[in-house]
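Inspection log for the structure reproduced underneath, given as structure tokens.
The values are calculated or read from the model by the stated rules, or taken from the named source; none is laboratory data. Small disclaimer: the values here were computed from a predicted structure and weren't measured. Virtual Cβ from ideal backbone geometry, glycine too; neighbours counted across all protein chains shown. Note: accessible area is taken over every heavy atom of the protein model, side chains too, but ligands, DNA and RNA are not part of it. Shrake-Rupley method; radii C 1.70, N 1.55, O 1.52, S 1.80 Å.
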Amino acid sequence: MIRFCLERLAQLIIVFFFVTTLTFLLLRLAPGDPAYILLTTHDVPASEEALNALRKELGLAESLWSQYFQWITDAFTWQWGTSYVSKELVVEELFRRIPATIELATAGLVVMIAVTLIMGISTAIYSHGLLNQVGKLMALLGSSIPTFWLGFLLIYFFSVQYGWLPSMGRGTVKHLFLPAITLGLGLGSMYARVLRTNMLEVMNQPFIKAAMARGLSKKRIFIFQVFKHAFLPVVTMLGTSFAFMLGGSIIVEEIFSWPGLGKYIVEAINMRDYPVIQGYVMLTTFIFVAIHNVVDMIYVWLDPRLRVS
Amino acid sequence: MKKISYSLNISILLGSSLLIAIVLIGLFAPLFSPHDPLAVNLSNRLTFPSWNYPFGTDHLGRCILSRIIHGIRVSVACAFLIMIFTFAISLPIGFLTGYWRGRTDHLIMRSIDGILAIPEFVLTITIVGLLGPGFFNMMIAITMVRWTNYVRLIRSLVLKSCEEDYIRSARMSGNSHLRIMKRYVFPDVFPSLFVFGALDMGKIVLLMAGLSFLGLGTQPPTPEWGVMLHDATAYFQIAPHVMIFPGLAILFFVLGCQLISERYRKLNSAPLKEVNDEDNIHKSYIKC
């Protein structure tokens, strides 16, 4: 287990290294001179002298290799520069907004899991009925519906028409409902199908027949044997879906004016705030890969078969 | 060659007729649209659906139906172009890595794994952010992100195809590599690719709409579905039709793609399922 964890840690570092290199390259490939953009953001007339001075300050005058080396060391020591717009440290700006995004993603995940469990188990039990058709339709719609449109519809019905729930901002639990549903509903109904198929597959296995032969109650078999077995693959999907939530939260935050990372990055992109964009990619990748590894570990812990190999 | 049995099936029928209808309407957009999609009429702002304006008008008094119909051209054509770019990049690389395995293959696949470590939407949005918002930059960004998926798909399909006996015999009878790829491997791989591509069209349209919605993709006044929804943000509370119809357009198109691909996956699930499994990152982790 320790070796497994160490391997993962090494992988994490490699991926991080790769991503920092990629963001460096992307920034160099991006059209436009950062110094020029920085000056124009602050409405300073871009004279040749000012440009040169700023290039020197930003380290742009040095060779590409030394810039790259500087960038890598900075990236690993959490010195991600200062925002062009607010002049504050990128790391601080990002970390201030993380809790909101994590809160939203977690709430989305909760909705997703709830939908997966409820729809998945009930459609597995009543596998050939109206409920199953509803589940099928939901999964199909869930994978085709644009997130932002779903958000609009929810706002329109629950906030504008009936005024039950607030449509924007962050604060009470009430504020969380609509964004979380927007984020989690589609994915949940898709995973419900996976859970259903898994459960139906497991039900054909010999050990279920054996359990039935031993006279265990149907309910008991369902909860302790079938579900336990069928839920394993779903656990791994949680990791992947968290990545989706990080990406999807950009749009959801924009719709619901949620003060998180996603809304910030859209603002940064519109202001051409390069250090923030870079920092954002590195941070999300880091979170994403870290969560993936944690999920993997949980998976190994849950499934003894994997430990042997 | 695998034979796909095309039994007449409701979902395929529904999906394909939906898509064909959408594409036809898009092709003959001027015939179907009742008004000029760009004609501003401020005295007619945000009117609800009526005979003259079946889907109502938007905040500048433009006919929403006409804008949606012309939007087909932008969205679908753009998705199609992105698909062509993606294949242009990923076909050679996928064939290269799948046909000649070895060090190059290993190197390419590892770097692709690295790219895939970044959440797709995050990476797309970053590339758009660095290049600057706009129609072409959006296309470049989506292509730059999506080709990795295709390389993995093509590689695994080619790998599988190369195991077949007839490829071995083709090789033994002295065909050149290029000829084997062209005559034997490609036709074997093509049907799966085609279907995967069709399904992906829906995803690309969704992605583009998302980017345009954030104001990073297509810019107004171009009639595009995502842009229309972006414009709708400020007005949908008083005039919900400005939001409902463009969203439905996206939904129907993506639904059409999904319906077709879902059925196909059931009929011929082996290769695609394998790829989907491979996409499960934990498994590839555990393998290595």
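Structure notes:
Conditions (1) within 30 Å of B:Leu211 (Cβ to Cβ); (2) open to solvent by 30 Å² or more (accessible area, probe 1.4 Å); (3) in contact (Cβ under 8 Å) with a residue 24 or more places away in the chain, marked per residue:
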residue	(1), (2), (3)
A:Arg193	yes, yes, yes
A:Ala213	no, yes, no
A:Phe227	no, yes, yes
A:Glu254	yes, yes, yes
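- Helices (runs of 4 or more DSSP H) completely within region A:230-309 that count 2 or more residues being within 30 Å of B:Pro133 (Cβ to Cβ): A:261-271, A:274-302
- In region B:186-229, the residues that are buried (at least 23 other Cβ atoms within 10 Å of the Cβ), away from chain A (no Cβ under 14 Å) and of a type in the set (Val, Ile, Thr): B:Val189, B:Thr218
- Hits in region A:121-160 (condition: assigned to a loop (DSSP other than H, G, I, E, B), under 23 Å from A:Thr197 (Cα atoms) and at the interface with chain B (Cβ under 10 Å from one of its Cβ atoms)): A:Ile145
- Residues of region A:281-294 that turn out to be more than 7 Å from chain B (Cβ to nearest Cβ) and crowded, with 19+ Cβ neighbours inside 10 Å, as a count: 4
- Pairs where the first residue, in region B:157-181, is within 14 Å of B:Phe95 (Cβ to Cβ) and the second is part of a loop (DSSP other than H, G, I, E, B), C-beta under 9 Å, 6+ apart: B:Leu159/B:Arg101; B:His177/B:Trp100
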